[in-house]
Every structure is written in C-alpha cells, then in structure tokens.
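A.B. asks: Before we start, here is the structure in question, set down as structure tokens.
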Amino acid sequence: MATALRTPGVYIVEKNAFPNSVVEVPTAVPAFIGYTKYALNGTKSLHLQPFRITSLADFHQHFGDGPDYTFNVTAEADKTKADTVLGGSGYKIEQDKGKFLLYRCIRMFFDNGGGPCYIVSVGEFDDAGKDRTIDIADFEAGLETLVREQEPTMVVVPDLMAIMPDPDASKPTGKDIYTFQGKMIDHCGGRMQSRFAVLDVQYGWVTPNSPVAEPISLFRNFVSSDFLKFGAAYYPWVYTSIVGASDVNYRNVANGADLVTMINAEIDKNAAEKKISDAKATEFKAEVAKITAADPKPKDVTVLHNTLQVISPIYVSLIGELRKRLNLLPPAAAMAGVYSRVDNSRGVWKAPANVTMASVVSPAVNLTSEDQEDLNVTLQGKSINAIRSFIGEGTLVWGARTLDGNSQDWRYINVRRTMIMLEQSIKAACKAYVFEPNNANTWVAVKSMINNYLTSKWKDGALVGAKPDEAFDVQVGLGATMTAEEILDGIMNVSVKVAIVRPAEFIVITFQQQMQKS
C-alpha cells in the first residue's frame, strides 16, 4: 500500500493482472505534396499546412478541382516530327496550360482503394490566368512541414513529374528532380524512419533503352543511394480513364482560330470530293465559326462539341488525342492507393503486387519479361517495379521490391513497411514505461506486452513460423540485454527479433518423367 495503515479495518487493493496492450499505428496514410486550385478550411488558409482528408469530396471542398487544360495545335510539315497525323496532315501538340498532375493523381489514388491521406498545398496553380511556375523549393518547403506530423506513412509528389525537361532535348536529365527524390527518401529513412517514399520515373512513357531519354539509366545514375530501403519506384507510366469523354472539348484548344482553319479545310475537301453539298459546307462552316466565340455558356459548349463530332472526323481524332495525353499519368499515386487497398484487405505484410490497377487502361510501355530482368535485378541494387499488361488479366503491378533490391534484409516492400508498423507500434506502447523503475517488474511487463502483440501478428499471418517461438523472440533484462552500468545510466535495452513473411517472388516447378509402374 502507498499509504501507512493507521486505522484498524479491511482495505482493498486492486492490481493490474495484464500488461498494457500495443495499439497498432496506421500503415497506409500517404501525404501528397503539390499545387491546388485553392487551399482553404473555411476562411483559414491551408497553404503549407498538412491537412487530413478522407475522400475526393473532402479534396473538392478544401482544395478545389483540377486546372484548366489547354493545348496549342500547330501544323507540322515534316510528318516524322509531328506528334499526330490528322486527315493526312501532321500536327504538333504542346500543352499550354494545366500541366499540374496532383488532382488527377488524387482521383487515381481514391479509385485504387485509397482512404485517409494528407494534402500539402504548396501553392495555387492559377496565377492571373496563367500557370504558376513550378519550383522545386516549393516541394522542399512542403516536405519540411511533414516533419511535425506523426500519422503519415508514405510520401508522394505527383507534380514533381510536371517539370521534366523536354525529352526531345539533347540528353535530358532533370537532375533537380532526381535530387529532390533523394531528399524524399532521406526524409523517410534518415530523418523520420517511419515513412516510405513512392517514386515515379521520369519519361515513364519512353522505352527503357530509348536513345531519346533512357529513363531507367537516368534514374539509377542520379537518384541518391542513401536509405534506399525506404523507397520504391514504379515504371512505366499508365494510360488511365480518369479524364472522361465529357471532360475535353474544343475549349481545351488554346489556338481556336487555327482549329477553325483545320476543320474548314476538311469541310472544303469533302465538298470538293462531293461527299457533302456546297450548302451543307456553308452550314457546317457557320457552326465551326462559333469555336472562337468568347465566353459561351456551358450548355452551348456541349451542343457545339456534339455538333463538331458529327461534322469533323479530324475533330474527333484531335479530342481523342488530347484526352489520351491528359490520361497519361505517373503511377505512384495509384500505387499509394494499392498499398491502402492491400493493407486493408490482407495486411501490410502482403506484398502489394500481382494486383490490378483500377482506372488504368494500359501501361504506356508494353514490357516483356526480358525488359523486366534489368528492372528487377541490377548490379546497382536500384530495383524498379514493373507495371505490366497480361492478356485476360488487365494491368497488374508486377514487382514488390524496394530500391534496395540487393539487400537480403530490406529487398521487399512489405518487409520494410511491416517492420515500420511493428517498430512504431511498439515504440508508442513503450512510452508508458518511460521513467518507470528499471527493474524486473518493468522488464516482465514490457516483455509480456510485446510478446502478446507479436503473437497476435503471428496469428494474423505477418510472421512466419510453426509456433510463436519460431516467429519472434523478445529479450530484456540484466545480463541478457543490459549491463549493470547501463541500468545505472537509466538505459533499458529491449531486443526484438521477428521473422517477417516474404513473398514467393520466383516459383519454380520441376517436372520429370518417371518409369511406368504397372
């Protein structure tokens, strides 16, 4: 009893019979850094303020929707240099406005099973009707704000891919992008040690050994080699269905007068070939002229768009090309959603691979098994996970390695992320014992608490072993993990060993003929 007994009588003392329990930390709470339409919580600015949302509706409420996308479409006499050929003529297509990727990637995140996440808005993308200049310093400031947040477990920066150098440039590198990706990994592993960086590969629509950009070699040469076990990269980019048929029309062409000229030339050709009458040609041109009308009503835009689709096959092809470009997206945000979906359905210890990507039509590059060999196993150890298309199965994630692909300890994403979960959960539970007496009673309580938690994880399938003793081992005590001097210094050492389940990455089936037995 804490107080001395001075009055005769019967006293009751209650003692705890069980050790504290370990409360498991969340495993799939990504933090997205990028530019938004606005950043408001009521009247309070959310600029550079990590803000937790749970749905796309929350994103719309606090950060708005996507930017206005516009393209310049210009004639290109040399068809070999043209981006597309429409009606026998070559055209260059260059995005004029709305290059920001965060909004479309957030939609892909939720489509793939994403849940709670944090948004760090580093600025508004519209600057007096023009795109804001994307600055690496903005991303660095956004990354720094996450140091004060404890819940996020992943870091994704989709807008980083919006500032790549022109792949047609001589030997493009985008070194500042690779440098920032190294800072993302350092933030996760060197500073926080509780997060995982999900990275995109620049020029992810280019074949691995293309003479234009060589995306894989550039990534491996310029991304930092520190803390590789705290990050994973995915290649190639993917064609999605995020931008629908009703989301793109003639208003997305910045040079409307040139579009009028293009369609009128098609109408004149059809009239000359007697495919339509001169009267019809005149009628069609009157409709086409409305393209340059200033500030039409949304209803009028829809009507004219539908009319142009009937009048002009070239217009239909052009709009399809613009949609295709807007739907080409880096995969990291979708993978954050896949991580969330797998964590919730199977557990963080299940490798986030051999699963279908939702809202994805196809990978931008059709990889073969030979292409993937170099991605998966390389001398540099910087493994890159492939996204591949299989007949009858759709687009699958076909890799489960961290960037530290040659490490026996941290080769697999699920091993690294499971260990983060175990470490952070046990760390949080052990805070209750800080400043408790450093004696056998405390040691037994801590050991029992951790043993109970790891036993539950073994039953869930996170740890491998026929029995708990084979799946984990917890040691604490004088002579086992501590010396007498360490106890005098106030140090309590706890040793935890775990056998985390690993994926069957390579399944080998051996066939052999045997002699007839009857």
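The values are calculated or read from the model by the stated rules, or taken from the named source; none is laboratory data. Model, not experiment: these values are computed from the prediction. In this analysis, Cβ positions are derived from the backbone assuming ideal geometry, glycine residues included, and neighbour counts consider all displayed protein chains.
A.B. asks: Name the residues in the stretch 266-291 that are in contact (Cβ under 8 Å) with a residue 12 or more places away in the chain and either hydroxyl-bearing (Ser, Thr, Tyr) or within 21 Å of Asn249 (Cβ to Cβ) (or both), would you?
C.D. replies: Glu266, Ile267, Phe284, Lys285, Glu287, Val288, Ala289, Lys290, Ile291
A.B. asks: So Leu463 passes all but one of these: (1) closer than 27 Å to Tyr234 by Cβ; (2) at pLDDT 95 or above; (3) aliphatic (A, V, I, L, M). Which condition number does it fail?
C.D. replies: Of (1) closer than 27 Å to Tyr234 by Cβ; (2) at pLDDT 95 or above; (3) aliphatic (A, V, I, L, M), only one is false for Leu463: (1).
A.B. asks: Report whether or not Thr240 is among the polar types (S, T, N, Q), out of contact with any Asp or Glu (no Cβ under 7 Å at 6 or more places or on another chain) and modelled with pLDDT of 95 or more.
C.D. replies: Considered against the rule, which asks whether it is among the polar types (S, T, N, Q), out of contact with any Asp or Glu (no Cβ under 7 Å at 6 or more places or on another chain) and modelled with pLDDT of 95 or more, Thr240 comes out as yes.
A.B. asks: Which one of the conditions (1) surrounded by 16 or more Cβ atoms within 10 Å (Cβ to Cβ); (2) in a helix (DSSP H, G or I); (3) not polar (S, T, N, Q) does Lys269 fail to meet, given that it meets all the rest?
C.D. replies: Among (1) surrounded by 16 or more Cβ atoms within 10 Å (Cβ to Cβ); (2) in a helix (DSSP H, G or I); (3) not polar (S, T, N, Q), the lone unmet condition for Lys269 is (1).
A.B. asks: Hey, among the residues in the stretch 107-130 that are over 20 Å from Pro330 (Cα atoms) and in contact with a helix residue (DSSP H, G or I) (Cβ under 9 Å, 6 or more places away or on another chain), which one's surrounded by the most Cβ atoms within 10 Å (Cβ to Cβ)?
C.D. replies: Taking the candidates together, the pick is Gly123.
A.B. asks: Please give the number of the condition Ile391 fails out of (1) surrounded by 15 or more Cβ atoms within 10 Å (Cβ to Cβ); (2) assigned by TED's automatic domain parsing to the domain that holds Ala332.
C.D. replies: Ile391 satisfies every listed condition except (1).
A.B. asks: Going through Gly189, Gly142, Gly204 one at a time, which residue ends up being more than 23 Å from Tyr103 (Cβ to Cβ), in contact with a strand residue (DSSP E or B) (Cβ under 8 Å, 6 or more places away or on another chain), in the same structural domain as Leu102 (by TED's automatic domain parsing) and surrounded by 19 or more Cβ atoms within 10 Å (Cβ to Cβ)?
C.D. replies: After ruling out the rest, the residue left standing is Gly189.
A.B. asks: Name, by its number, the condition in (1) more than 29 Å from Pro116 (Cα to Cα); (2) part of a loop (DSSP other than H, G, I, E, B) that does not hold for Leu218.
C.D. replies: Status for Leu218: all satisfied but (2).
A.B. asks: Out of Asn406, Asn452, report the one residue that is in a loop (DSSP other than H, G, I, E, B) and not aliphatic (A, V, I, L, M).
C.D. replies: Matching residue, one of Asn406, Asn452: Asn406.
A.B. asks: So which strands (runs of 3 or more DSSP E) are wholly in the stretch 28-118 and hold at least 3 residues that are within 24 Å of Arg132 (Cβ to Cβ) and out of contact with any Ser or Thr (no Cβ under 9 Å at 6 or more places or on another chain)?
C.D. replies: 70-75
A.B. asks: At negative phi and over 22 Å from the mean Cα position of the chain (by Cα): does that describe Val446?
C.D. replies: yes
A.B. asks: Taking the condition of being part of a strand (DSSP E or B) and not hydrophobic (A, V, I, L, M, F, W, C), how many residues in the stretch 470-518 meet it?
C.D. replies: Here the count works out to 4.
A.B. asks: Can you list the helices (runs of 4 or more DSSP H) found entirely within the stretch 290-355 that contain at least 3 residues being over 35 Å from the mean Cα position of the chain (by Cα)?
C.D. replies: 298-311
A.B. asks: Which residues, taken from the stretch 113-147, are of a type in the set (A, V, I, L, M) and closer than 20 Å to Arg195 by Cα?
C.D. replies: The answer is Ile119, Val120, Ala141, Leu143, Leu146, Val147.
A.B. asks: If you go through the stretch 236-244 one residue at a time, do you hit one that is surrounded by fewer than 18 Cβ atoms within 10 Å (Cβ to Cβ) and under 21 Å from Lys324 (Cα atoms)?
C.D. replies: Checked against the condition, which is being surrounded by fewer than 18 Cβ atoms within 10 Å (Cβ to Cβ) and under 21 Å from Lys324 (Cα atoms), the stretch 236-244 yields at least one hit.
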